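Written below as structure tokens is the structure these notes are about.
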Amino acid sequence: MIEAVGLRKVYRLKGREVLALDGVDLHVRQGEIFGVVGQSGAGKSTLLRCVNLLERPTEGRVSVDGAELTALGGARLRAARRGIGMVHQHFALLSSRTVAGNVAFPLEIAGVPRAERRARVGELLDLVGLADKARAHPAQLSGGQKQRVGIARALASRPKVLLSDEATSALDPQTTESILDLLRRLNRELGLTILLITHEMDVIKRICDSAAIMADGAFLESGRVLDLLAAPGSRLARSLFPLPATDAPDVVTLTYTGKPDEPLMSELTRRFDVDINILGGAVEQVSDQSVGRLNVQIQGERREAALTYLHGKGLLVEVAG
Amino acid sequence: MAWLTEFGERWPDMWPVLWLGTLDTLYMVLWATLFTVLFGLPLGVLLVATDRGGLIPAPAVKAVLGAVVNVGRSLPFIVLMVAVLSLTRLLTGTTLGPTAAIVPLSIGAIPFFARLVETALREVDRGVIEASHAMGARRITIVGKVLLPEALPGLIAGLVMTVVALISYSAMAGAIGGGGLGDIAIRYGYQRFDDYYLWATVAFLVIVVQAVQSLGDVLVRRLSHR
Ligand SMILES: Nc1ncnc2c1ncn2[C@@H]1O[C@H](COP(=O)(O)OP(=O)(O)O)[C@@H](O)[C@H]1O
Ligand SMILES: [Mg+2]
């Protein structure tokens, strides 16, 4: 749905060059939620702004829903942008307009007649649960309500793609949760493809199907979240399941997705006569699957055989350290 | 309290003079306000739009416009009035009277208002402008539906300041025969040493300014939703 190839972006400031994107390839499948996570300054916002050409990439191509945006300009680019919704960290609502007026704005831009606008605004406010706030001004709303208005506005022209720049970063944890739930619901019910950027790992864990970790203008890893977690040396796994460092001997890190259908640990002690000591770990819901990651000390004569057995059972076994 | 009695006796004679003077002042100020908005508003929009990273980036144009505005702003009004006399004659056929005064008043107030417009527009959240681009808005739409409405309270406040400045300029215009309350203060108060006229014009000017300011404040309060 979103294809970006070889994106580079160089900002030229007085006498200085900032390389904000350094060869990014982004592939977002239709109907998925793709999260880009990284620290401040990694280039996430620049990447997102290159997707709808708010920022023109220095090099590379961007296509959304089959249309190559980097080849467009003027009226055709504006038309293409109407098919891409965007939500902003600081909401970016018009303070001079009511909630209904804000949601109607993209429809005005698109030249939708008044009566139709009104009906559509009603639907949208119902969708985000703000029907009773239609006549309020943004200044009278809480942060979460403002972001719901932002989301309703982004959906007004029935886009297939939604871009979200830190949509929940200005919100408290509970509100964040409700906004993420809303995004998940819109993704499922409307088949909306969502590209979101965030600096919070938790967002990736809660709603993303795919993810990329970004640093210094490049992707360190990218793919389906469950695939990334199951890959050796995964940074995503380390970030989502931080395990306490250990200098104990014979420790391995085990990662598994889905519930193991056998009591593996007792099986290990019985079969291989090894001593098992669980040092730390966590089990969490990721992409609607339970994923666990444990640091386990396994000692005994037949340790290697035990590890091979675990590997054979589909667990990712990594030597910790 | 002898002066009060004398003032009471003279009031019937003074009143028509002061009333006509007030009407002349309002006439000059209203027309000058109209022209000031007509030219100053687009000029202010251009000052912001031609920024690097603005709607129509054009640093050279911005530099020229900025320089012109600064020249206009740095001329004392009394000097400006004399400097544009020939233009005034060209446009109005005369250099005397309230209609002639509209020309220097407008020319003096346009750069003043343009800077206030510029300041008000710069207050508009850049994120909102970017969001409008992301929605596929044309630049003219962004000016008309985002920049100006979002800055409206600031624009009205700037307009009030401009009108007050115009009232004070218009009194100066009286000094070279522009008519209005300033003219009365000079002809009766200064040249004939008639303090009653002097203080009465002061009182009338204060009332007009106060009325404009209060009206503006009410408008600004009703329009801001921050
Ligand atoms: N308009 C700009 N002009 C110059 N440098 C910029 C601009 N926008 C971003 N940058 C620089 O590009 C880098 C990436 O910024 P950004 O994409 O905002 O990162 P993130 O969203 O991950 O925090 C930073 O070093 C930032 O200073
Ligand atoms: Mg950012």
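The values are calculated or read from the model by the stated rules, or taken from the named source; none is laboratory data. Not measured: the values here are computed from a predicted model. Heads up, the Cβs are rebuilt from the backbone with ideal geometry, glycines too, and the neighbour counts pull from every protein chain shown. What goes into the accessible areas is simple: the full protein's heavy atoms, side chains included, and nothing from ligands, DNA or RNA. Shrake-Rupley method; radii C 1.70, N 1.55, O 1.52, S 1.80 Å.
Results, tabulated for the structure shown:
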item	result
B:VAL84 vs. criteria on the phi < 0 side of the Ramachandran plot and within 14 Å of chain A (Cβ to nearest Cβ)	no
Residue selected from segment A:59-81 under the condition within 14 Å of another protein chain (Cβ to nearest Cβ) and charged (D, E, K, R), by the criterion nearest to ligand 2 (Cβ to nearest atom)	A:ARG81
Residue list for segment A:299-321, restricted to those being closer than 15 Å to A:ILE276 by Cβ and not in a helix (DSSP H, G or I)	A:GLN299, A:GLY300, A:GLU301, A:ARG302, A:LYS313, A:LEU315, A:VAL317, A:ALA320
Per-region count, segment A:21-58, residues more than 12 Å from ligand 2 (Cβ to nearest atom) and more than 14 Å from chain B (Cβ to nearest Cβ)	17
Matching option when the condition is open to solvent by 50 Å² or more (accessible area, probe 1.4 Å) and among the hydrophobic types (A, V, I, L, M, F, W, C), among A:ALA20, A:ALA75, A:ALA67	A:ALA75
Selected residue (criterion: nearest to ligand 1 (Cβ to nearest atom)) from residues of segment A:13-28 that are under 25 Å from A:LEU240 (Cβ atoms) and in contact with a Phe, Trp or Tyr (Cβ under 7 Å, 6 or more places away or on another chain)	A:VAL24
In segment A:164-216, residue surrounded by the fewest Cβ atoms within 10 Å (Cβ to Cβ) [restricted to those that are within 16 Å of ligand 1 (Cβ to nearest atom) and assigned to a helix (DSSP H, G or I)]	A:MET201
Some residue of segment A:219-239 being hydroxyl-bearing (Ser, Thr, Tyr), part of a loop (DSSP other than H, G, I, E, B) and touching a helix residue (DSSP H, G or I) at 6+ places or on another chain (Cβ under 8 Å)	yes
Residues being in contact with a helix residue (DSSP H, G or I) (Cβ under 8 Å, 6 or more places away or on another chain) and of a type outside the set (A, V, I, L, M, F, W, C) - total across segment A:61-116	14
Condition met for A:SER287 (in contact with a helix residue (DSSP H, G or I) (Cβ under 6 Å, 6 or more places away or on another chain) and among the polar types (S, T, N, Q))	yes
Counted residues, segment B:121-180 - those being surrounded by 18 or more Cβ atoms within 10 Å (Cβ to Cβ), away from every other protein chain (no Cβ under 14 Å) and among the hydroxyl-bearing types (Ser, Thr, Tyr)	3
Of all residues in segment A:94-103 being more than 7 Å from chain B (Cβ to nearest Cβ) and open to solvent by 10 Å² or more (accessible area, probe 1.4 Å), the one that is farthest from A:ALA131 (Cα to Cα)	A:ARG97
Residue match in segment B:100-115 (condition: within 14 Å of chain A (Cβ to nearest Cβ), touching a residue at least 60 places away in the same chain (Cβ under 8 Å) and either open to solvent by 10 Å² or more (accessible area, probe 1.4 Å) or of a type in the set (Gly, Ala, Ser) (or both))	no
Residue count for segment A:105-121, restricted to those that are within 11 Å of chain B (Cβ to nearest Cβ) and of a type outside the set (Val, Ile, Thr)	6
Selection from segment B:16-61 of residues that are open to solvent by less than 60 Å² (accessible area, probe 1.4 Å), within 16 Å of ligand 1 (Cβ to nearest atom) and charged (D, E, K, R)	B:ASP51
Elements of type helices (runs of 4 or more DSSP H) contained in segment A:29-145, each with 3 or more residues being under 21 Å from the mean Cα position of the chain (by Cα) and within 16 Å of ligand 1 (Cβ to nearest atom)	A:44-51
